[in-house]
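**Q** Pasting a structure below so you can have a look.
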Amino acid sequence: MMTNGALKLDRIDLRILCHLQENSRITNVILADAVGLSPSPCLIRVKRLEKAGYISGYGAYIRLEKLADVQIVFTEVTLSDHRREDFAKFESYIRNVDEIIECHLVSGGYDYLLKFMTRSVVHYQSVIESLLEQNLRIEKYFSYIVIKSPFIKHHYPLEKFIQT
């Protein structure tokens, strides 16, 4: 069902999304059973959720520590000017920096919160220095080196945020 161009989700759609985000490799038969549908209507709903953009892709979570040492760094960035073109230039450039894996425009005492994944603190510093050389109008930045991540959730508690 469409409402104002958006698909209206019901409780079964939400249950499908919850199951898929926890295990995207679940078979359609098992998913259908878990949400109380027969396989054919379940598959139709999944395809409809994909087409409507609620499901943007499927993937695997990689345990990076098994591959290599990584250093996660969160960085607060403040731009010197706050014109639309300054934000656009900054965002356009950093989108192509492989080591930046998240970028959030935030309110408060700084403009952006960036998440870096690098080989080491030295590698992180070289990436920051190259950013500073690009005339992106970075006024200041503060770095927070991650010592340990006790947990990282890879799924959203959908049922807590969406009312049906």
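**Q** Which of the residues that make up segment 31-62 are within 24 Å of the chain's Cα centre (by Cα) and assigned to a loop (DSSP other than H, G, I, E, B)?
**A** ALA52, GLY53, TYR54, ILE55, SER56, GLY57, TYR58, GLY59, ALA60, TYR61, ILE62
**Q** Exactly one of these conditions fails for ASP98: (1) under 14 Å from LEU17 (Cα atoms); (2) in a loop (DSSP other than H, G, I, E, B); (3) of a type in the set (D, E, K, R). Give me its number.
**A** (1)
**Q** Enumerate the pairs (first residue in segment 132-149 and within 16 Å of ASP111 (Cα to Cα) and in contact (Cβ under 8 Å) with a residue 60 or more places away in the chain; second residue anywhere and among the aromatic types (Phe, Trp, Tyr) and surrounded by 12 or more Cβ atoms within 10 Å (Cβ to Cβ)) with beta-carbon separation below 6 Å, excluding pairs fewer than 6 apart on the same chain, so at least 6 apart or on different chains.
**A** Listed pairs, sorted by first residue: TYR144/PHE74.
**Q** Would you call LYS8 of a type in the set (Lys, Arg), out of contact with any His (no Cβ under 6 Å at 6 or more places or on another chain), within 30 Å of SER143 (Cα to Cα) and at pLDDT below 95? Quick ask: steps written out before the conclusion?
**A** Working: of a type in the set (Lys, Arg): yes; out of contact with any His (no Cβ under 6 Å at 6 or more places or on another chain): yes; within 30 Å of SER143 (Cα to Cα): no; at pLDDT below 95: yes.
It is false that LYS8 is of a type in the set (Lys, Arg), out of contact with any His (no Cβ under 6 Å at 6 or more places or on another chain), within 30 Å of SER143 (Cα to Cα) and at pLDDT below 95.
**Q** Moving on to the next point. Kindly establish whether GLY59 is open to solvent by 50 Å² or more (accessible area, probe 1.4 Å), within 16 Å of ARG11 (Cα to Cα), without any contact (Cβ under 8 Å) to a residue 40 or more places away in the chain and out of contact with any strand residue (DSSP E or B) (no Cβ under 8 Å at 6 or more places or on another chain). Can you show your working first?
**A** Numbers: open to solvent by 50 Å² or more (accessible area, probe 1.4 Å): yes; within 16 Å of ARG11 (Cα to Cα): no; without any contact (Cβ under 8 Å) to a residue 40 or more places away in the chain: yes; out of contact with any strand residue (DSSP E or B) (no Cβ under 8 Å at 6 or more places or on another chain): yes.
The answer is no for GLY59.
**Q** Quick one: GLU65 ticks every box in (1) under 18 Å from ILE145 (Cβ atoms); (2) open to solvent by 70 Å² or more (accessible area, probe 1.4 Å); (3) part of a strand (DSSP E or B) except a single one, so which number is it?
**A** (3)
**Q** Restricting attention to segment 117-164, and to residues there that are of a type in the set (A, V, I, L, M), at pLDDT 95 or above and assigned to a loop (DSSP other than H, G, I, E, B), which single residue is surrounded by the fewest Cβ atoms within 10 Å (Cβ to Cβ)?
**A** ILE147
**Q** Let me confirm something: among TYR124, TYR93, which residue is touching a residue at least 12 places away in the same chain (Cβ under 8 Å) and either of a type in the set (S, T, N, Q) or more than 20 Å from LEU67 (Cα to Cα) (or both)? Step through it out loud before you land on a result.
**A** Numbers: TYR124 fails: either of a type in the set (S, T, N, Q) or more than 20 Å from LEU67 (Cα to Cα) (or both).
Result of the check over TYR124, TYR93: TYR93.
**Q** Let me ask you something else. Sort out which residues of segment 80-104 are more than 21 Å from VAL146 (Cβ to Cβ), open to solvent by 80 Å² or more (accessible area, probe 1.4 Å) and of a type outside the set (Lys, Arg), and write them in order of number.
**A** HIS82, GLU85, TYR93, ASN96
The values are calculated or read from the model by the stated rules, or taken from the named source; none is laboratory data. Everything numeric in this text was worked out from a predicted model, so none of it was measured. In this analysis, Cβ positions are derived from the backbone assuming ideal geometry, glycine residues included, and neighbour counts consider all displayed protein chains. With ligands, DNA and RNA removed, areas are computed over all heavy atoms of the protein, side chains included. Shrake-Rupley method; radii C 1.70, N 1.55, O 1.52, S 1.80 Å.
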